[in-house]
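Notes for the one structure printed next.
The values are calculated or read from the model by the stated rules, or taken from the named source; none is laboratory data. Keep in mind it's a predicted model, so treat the numbers as computed, not measured. All Cβ positions, even for glycine, are placed from backbone atoms using ideal geometry, and neighbour counts span all protein chains on display. Quick note on the areas: whole protein, heavy atoms, side chains included, nothing else; ligands and nucleic acids left out. Shrake-Rupley method; radii C 1.70, N 1.55, O 1.52, S 1.80 Å.
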Amino acid sequence: MSSTTNNINNPYITVGDFLSNVNNFKIIESTLREGEQFATSFFNLETKIKIATMLDDFGVDYIELTNPAASEQSRDDCAAICKLGLKAKILTHTRCTLEDAKLACDCGVDGVDVVIGTSQFLREHSLGGKDMVAVTKQAIEVIEYIKSRGCEVRFSSEDSFRSDLVDLLSIYRAVSNAGVGRVGVADTVGCASPRQVYDLVRTLRGCVSTDIEVHFHDDTGCAVANSFTALEAGATHIDTSVLGIGERNGICPLGALMARMMPTSRDYVLSKYKLHKLKAIEDFVAEAVQINVPFNNPITGFCAFTHKAGIHAKAILNSPSTYEILKPEDFGLSRYVHFASRLTGWNAIKSRVDQLGLKMTDDQIKEVTAKIKQMGDIRPLAVDDTDSIIRSFHFELQDGQTVQNGQNGVNGHKE
Ligand SMILES: CC(=O)SCCNC(=O)CCNC(=O)[C@H](O)C(C)(C)COP(=O)(O)OP(=O)(O)OC[C@H]1O[C@@H](n2cnc3c(N)ncnc32)[C@H](O)[C@@H]1OP(=O)(O)O
Ligand SMILES: O=C(O)CCC(=O)C(=O)O
Ligand SMILES: [Zn+2]
């Protein structure tokens, strides 16, 4: 379950190290469930199959699909994806009702992710005033049914972080005793801070022996940090979607989670996930839901590996680790060292001069850098502008040399 077995003989590790699953976590990829709840999503079967196949190839452990009760097409699509024979296990996500559970099992899924609200807000305004006794009774009934159909079952409390802690632990205990494989903690409204996540997941880890799945919405920008913190506290499964698409501004993005995990758990991540496939998956989903990949997206944002300021450029050219915690080549991408602005320095220009196959002394490069900066003070520079300044400076140098040589020659002849 955790990295405990690797650490058992090390006297210097802390309780936290025993709990942590940063080197041993699974991904429940929910682009085809949570992602379908994104404002502009509409996936036909062909698109769903393409996304499921790409995610499977990438190496995600589970693919979660929309509730078959949503519509006839959703049910047919779910059944069709179950028949693809993917390596990833296929899950569907349902309300906590026997009707939904039956439809789900009839589709041939490997597992059913059951959810029901436990916060006062949801019990009152979504579930018609159910108390925790009724919610728990309903949960056990549905769990037993799904188990009787031979499917994996996960039970999640919706709006976990605004639910009463005693209520939560009681229902998790009850469903764990009923035999669920995983319990889920869901920050449905994106209100949780990393510290709250650590406290709740660590407490839960002490109460149940099942796997623990976590689901974080990004309303307050904490979805990735919360997912990571949950792993440190003993969670085993993280919900993601491509680019984070989901209700409102979505959930923990698959790519951003990979970016977070690489510096911490490089060997594990590389052993499981084909990171060089990430960009193609993101581009495909972005197009399918008609959005652009954000400029600041971890890994695949257009400038994620662009270095601009002179100080950065010099150090990067000497050793990329100076200013890069992620290596672009791990993702099949390349870095770009910017040299066309007033913030550039002579080291970046020297590198460009070399790329252009020109020969100049360091003093000459410093001189042409000053010219580039002068122009960069007036307006934004394109690469072509900068190259032109370099080339014409170089031409003038050579021209001067020729004239000088010519004059010397004439003089020589005269002499
Ligand atoms: C936090 C999340 O993202 S949870 C997942 C959300 N996913 C979806 O909603 C999937 C798409 N949904 C749908 O297609 C529809 O909402 C359906 C088919 C599920 C239900 O549609 P309808 O029967 O028309 O009900 P409607 O959507 O208006 O209301 C939800 C009903 O489910 C009940 N309900 C809500 N959550 C749950 C739950 N977790 N378990 C059991 N019942 C629930 C509500 O009390 C309400 O019941 P009511 O019909 O007695 O009022
Ligand atoms: O089932 C879950 O764990 C999460 C459901 C959901 O999408 C949410 O609560 O935001
Ligand atoms: Zn959600």
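Scanning the stretch 144-162 for residues that are among the aromatic types (Phe, Trp, Tyr) and farther than 16 Å from residue 121 by Cβ, which turns out surrounded by the fewest Cβ atoms within 10 Å (Cβ to Cβ)? Lay out the reasoning, then the answer.
Residues of the stretch 144-162 that are among the aromatic types (Phe, Trp, Tyr), as a first pass: 145, 155, 161.
If we keep only those that are farther than 16 Å from residue 121 by Cβ too, we end up with 145, 155.
Working: 145: 18, 155: 28.
Filtering first and then ranking leaves 145.
Of all residues in the stretch 25-69, which are open to solvent by 10 Å² or more (accessible area, probe 1.4 Å), closer than 15 Å to residue 291 by Cβ, outside any helix (DSSP H, G or I) and away from ligand 2 (no atom under 16 Å from the Cβ)?
Across the stretch 25-69, the qualifying residues are 40, 42.
Exactly one condition in (1) within 13 Å of ligand 1 (Cβ to nearest atom); (2) closer than 28 Å to residue 38 by Cβ; (3) in contact with a strand residue (DSSP E or B) (Cβ under 6 Å, 6 or more places away or on another chain) is not met by residue 146; state its number.
So the condition that residue 146 fails would be (1).
What pairs can you find where one residue is in the stretch 355-380 and without any contact (Cβ under 8 Å) to a residue 40 or more places away in the chain and of a type outside the set (D, E, K, R), the other is outside any helix (DSSP H, G or I) and open to solvent by 80 Å² or more (accessible area, probe 1.4 Å), and their Cβ atoms are less than 8 Å apart, with a gap of 6+ or different chains?
Once the first residue is without any contact (Cβ under 8 Å) to a residue 40 or more places away in the chain and of a type outside the set (D, E, K, R) and sits in the stretch 355-380, its partners that are outside any helix (DSSP H, G or I) and open to solvent by 80 Å² or more (accessible area, probe 1.4 Å) give 372/342; 376/342; 376/343.
Are any of the residues in the stretch 388-409 under 24 Å from residue 318 (Cα atoms) and either at pLDDT 95 or above or more than 39 Å from the chain's Cα centre (by Cα) (or both)?
Our first condition is that a residue be under 24 Å from residue 318 (Cα atoms); within the stretch 388-409, this holds for 390.
Narrowing further to those that are either at pLDDT 95 or above or more than 39 Å from the chain's Cα centre (by Cα) (or both): 390.
The answer is yes, given that some residue of the stretch 388-409 is under 24 Å from residue 318 (Cα atoms) and either at pLDDT 95 or above or more than 39 Å from the chain's Cα centre (by Cα) (or both).
Report yes if residue 232 is open to solvent by 30 Å² or more (accessible area, probe 1.4 Å), within 16 Å of ligand 1 (Cβ to nearest atom) and at pLDDT 95 or above, otherwise no.
Working: open to solvent by 30 Å² or more (accessible area, probe 1.4 Å): yes; within 16 Å of ligand 1 (Cβ to nearest atom): no; at pLDDT 95 or above: yes.
Taking the combined requirement at face value, the residue does not satisfy it.
Given the stretch 183-302, what helices (runs of 4 or more DSSP H) lie entirely inside it while holding 2 or more residues that are within 17 Å of residue 332 (Cα to Cα), more than 16 Å from ligand 2 (Cβ to nearest atom) and hydrophobic (A, V, I, L, M, F, W, C)? Write out each step before concluding.
On the way: elements: 194-205, 223-232, 254-272, 278-288.
Answer list for the stretch 183-302: 254-272, 278-288.
Looking at the stretch 69-90, I want the residues that are in contact (Cβ under 8 Å) with a residue 24 or more places away in the chain and have a partner that is open to solvent by less than 40 Å² (accessible area, probe 1.4 Å) and small (Gly, Ala, Ser) with Cβ atoms under 6 Å, at least 6 apart or on another chain. Which pairs are those?
81/52
Is there a residue in the stretch 120-139 that is open to solvent by less than 70 Å² (accessible area, probe 1.4 Å), under 19 Å from residue 211 (Cβ atoms) and more than 11 Å from ligand 2 (Cβ to nearest atom)?
Checked against the condition, which is being open to solvent by less than 70 Å² (accessible area, probe 1.4 Å), under 19 Å from residue 211 (Cβ atoms) and more than 11 Å from ligand 2 (Cβ to nearest atom), the stretch 120-139 yields at least one hit.
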